[in-house]
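First up is the structure itself, then whatever we jot down about it.
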């Protein structure tokens with residue numbers, strides 16, 4: 001045991017150092033966001049603010065009157081857009097995919113196996129292939145530049161269906177059959193028997209959907225033209241490409257974009273990390 | 001139709017209809033679009049649309065920037081997969097060590113970058129990579145190294161983005177490998193130890209065969225991920241300097257939504273699709289091979 005001690009110290013120190021190194025960029029992002037304007041661009045790079053300042057957040061979030069015209073970075077609208085889009089995507093996504101996943105696991109219907117094969121096979125096709133024609137279809141349907149245009153593609157949850165199906169397969173058929181014999185309707189069976197058993201999986205899936213929608217970038221970038229509809233990543237990318245010199249301002253924008261989901265993840269990490277492994281099991 | 005069948009269709013038809021509209025139909029149309037000269041003129045009036053056969057592909061293959069994008073993307077994958085998988089495995093092995101305490105805490109913190117927005121963290125890393133005032137050059141200066149213009153030099157732009165990407169994604173496979181490592185047979189490990197096998201010998205002959213399939217699968221999936229790099233160059237380098245970080249998707253986005261050459265861009269998408277398809281077939285082949293073993 002005495003021989004093991006140096007090794008234990010080494011391993012623990014190494015893990016702690018690696019973790020510190022991994023968290024450092026996020027920590028530094030928060031620190032710089034509170035630095036007075038321009039402080040971070042003067043070498044040697046400061047590691048700590050000379051005084052803690054809210055001016056970056058004020059500049060970023062508050063609408064101001066400049067030369068008689070209202071100006072703002074549209075981060076507050078983007079925050080609302082991101083919250084609304086992620087919330088609607090998640091709710092509708094669950095509503096659509098959870099019953100479907102259950103149907104594919106437990107209900108007998110003609111064509112089920114063939115449809116399942118097609119769904120699994122279609123996971124091969126990268127989403128970007130569909131994006132160009134999808135843009136044209138949405139243009140015809142008048143969905144370009146709207147919430148619906150961003151949300152609708154995120155509802156095609158093939159992965160989510162397979163994920164729910166995988167979890168539902170573990171529910172014993174006897175429970176469902178017994179309810180059927182008692183005369184319960186299929187909808188009632190789903191709501192009162194299956195859904196309670198699936199709750200942890202549904203929470204995990206909701207997290208995946210919310211974070212996926214929140215962080216989604218390429219499609220919102222394509223389909224949203226109006227700055228008032230930008231989600232946070234699209235808005236931040238637009239500011240970043242124009243205001244690359246304003247380190248403190250950009251860090252404040254990054255904090256607003258990352259912190260909500262980071263806190264959500266930290267609060268729900270158990271659901272997220274176990275779900276990750278469930279998802280890596282093949283469909 | 002039985003009662004069960006009716007319920008099944010009621011439960012699954014809505015989402016299947018959406019999948020058909022936003023995924024199946026556009027994917028099929030992508031093939032059609034790639035043999036047309038769909039451009040800003042056709043966007044204004046469909047009458048301007050013409051069939052060009054393989055013209056887009058022929059054009060594409062004679063465009064130097066397309067080959068540059070393929071080369072850059074290949075470089076990203078070739079360098080990025082070993083680095084990212086290596087990092088994930090190293091950290092997973094370290095976390096797997098019996099002497100390490102507070103494992104759940106480390107796991108969560110090490111995974112945290114994976115849940116952040118690529119755009120936001122790319123902005124952060126662009127700031128860290130700044131030549132004059134970035135934290136990375138400051139750290140290098142403490143060991144006496146000269147400042148590096150990470151994102152401004154075509155030779156360091158891809159390595160710099162890869163450092164960022166590795167930081168962002170290694171946590172995912174770390175979790176996957178941690179699970180695989182916990183399934184390594186401990187009696188075999190003990191037997192190898194009693195037979196006098198050292199650390200490397202046990203890793204090579206016990207651990208590696210046990211986690212081999214997981215490792216290969218992760219590697220193939222990482223290649224697919226690296227083939228789809230877009231947001232990183234879009235935010236950090238705008239595809240530059242000297243087009244050194246223009247990737248396939250970046251090229252497709254510019255062709256399609258900057259120049260509105262949607263026909264040409266569809267041809268790019270099609271090429272990307274074929275690459276990922278080939279990769280998946282390779283993955284399935286690996287899967288079969290390992291099941292025979």
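What follows draws every value from the coordinates through simple rules; no lab data is involved. No experiment lies behind these values; they were computed from the predicted model shown. Please note: Cβ atoms are built from the backbone with ideal geometry, for glycine as well, and neighbour counts cover all protein chains shown.
Distance between the pseudo-spin-label points of residue B:182 and residue B:13 (7 Å out from Cα toward the beta carbon): 4.3 nm.
Given an 8 Å cut-off on Cα distances and at least 6 residues of separation, report the relative contact order of region A:1-70 as a percent.
Details: 37 pairs, mean separation 16.0, N = 70.
Over region A:1-70, the number comes to 23 percent.
Per DSSP helix of 4 or more residues, -39500 (n - 2.57); summed, then divided by the residues of chain A. What does that give at 222 nm, rounded to the nearest 500? Spell out each step's value before the answer.
Values: 14 runs with 197 residues, N = 283.
Only helices count here, giving -22500 deg cm²/dmol.
Between residue A:178 and residue B:54, the distance separating the two model label sites (each 7 Å from Cα on the Cα→Cβ line) works out to 6.4 nm.
Would you mind ranking B:52, A:62, A:255 by Cβ crowding within 10 Å, fewest neighbours first? Numbers along the way, then the final one.
Numbers: B:52 18, A:62 11, A:255 22.
Final ranking by Cβ density, sparse to dense: A:62, B:52, A:255.
GNM remark for chain B: springs join alpha carbons under 10 Å apart, and the peak mean-square fluctuation among B:47, B:210, B:32 falls on B:47.
With r as the distance between the Cβ atoms of residue A:91 and residue A:30 and R0 = 41 Å, compute the FRET efficiency 1/(1 + (r/R0)^6) and round to 0.05. Walk me through the numbers on the way to the answer.
On the way: r = 31 Å, r/R0 = 0.75.
Here the calculated transfer efficiency is 0.85.
Please sort B:218-226, B:171-179, B:147-155, A:263-271 by packing, taking for each peptide the average over its residues of neighbouring beta carbons within 10 angstrom, highest first. Let's see the in-between values first.
Details: B:218-226: 19.0, B:171-179: 22.2, B:147-155: 17.0, A:263-271: 15.2.
Order by mean packing, descending: B:171-179, B:218-226, B:147-155, A:263-271.
Within 10 Å of the Cβ of each residue in A:108-118, the mean number of Cβ atoms contributed by other protein chains is 3.
Note on residue A:72 and residue B:74: their simple-model spin labels are 5.0 nm apart, each label 7 Å out from Cα toward Cβ. Centre-to-centre, using Cα atoms only, region A:159-227 and region B:122-181 are separated by 38 Å. Remark: mean inter-chain Cβ contacts per residue of B:92-98 equal 3, using a 10 Å Cβ-Cβ cutoff to other protein chain atoms.
To the nearest 0.05, how large is the calculated FRET efficiency for residue A:146 and residue B:289 if R₀ is 45 Å and r is the Cβ-Cβ distance? Write out the running numbers ahead of the final one.
Numbers: r = 48 Å, r/R0 = 1.06.
Given R0 = 45 Å and the Cβ-Cβ separation, E is 0.40.
If you sort the three axes of the alpha carbon gyration tensor as a ≥ b ≥ c, you get a/c of 1.5 or more for chain B and a/b no higher than b/c, which makes it oblate. Building the convex hull from the alpha-carbon atoms of the protein assembly as shown and averaging its projection over directions returns 32.6 nm².
Relative contact order for region B:92-203: 31 percent, from Cα pairs under 8 Å spaced at least 6 residues apart, divided by residue count. Annotation: for a label point projected 7 angstrom from Cα along Cα→Cβ of residue B:258, residues of region B:135-156 with backbone N closer than 19 Å are B:151-155. What's the angle, to the nearest 10 degrees (0 to 90), between helix A:127-141's Cα axis and the longest principal axis of chain A? In chain A, helix A:127-141 runs at an angle near 90 degrees to the longest axis.
Relative to the longest principal axis of chain B, what angle (0 to 90°, nearest 10) does the C-alpha long axis of helix B:157-181 take? Roughly 60 degrees between the two axes. Distance from the Cα centre of region A:254-271 to that of region A:1-77, in angstrom? Cα centroid of region A:254-271 versus Cα centroid of region A:1-77: 16 Å apart.
Quantify how strongly other chains surround peptide A:37-50 by giving the mean number of their Cβ atoms within 10 Å of each of its Cβ atoms.
Working: counts 0, 0, 1, 5, 5, 2, 9, 4, 12, 3, 2, 0, 0, 0.
Across the residues of A:37-50, the mean count of other-chain Cβ atoms within 10 Å is 3.
If R0 equals 41 Å, the separation of the Cβ atoms of residue B:191 and residue B:103 corresponds to a calculated FRET efficiency of about 0.95. Length gained on full extension, residue A:64 to residue A:121, computed as 0.36 nm times the residue gap minus the Cα-Cα distance: 15.3 nm.
Which whole-number percent gives the relative contact order of chain B, counting Cα pairs below 8 Å spaced six or more residues apart? Show your work: numbers first, answer last.
Numbers: 305 pairs, mean separation 83.4, N = 293.
Relative contact order here is 28 percent.
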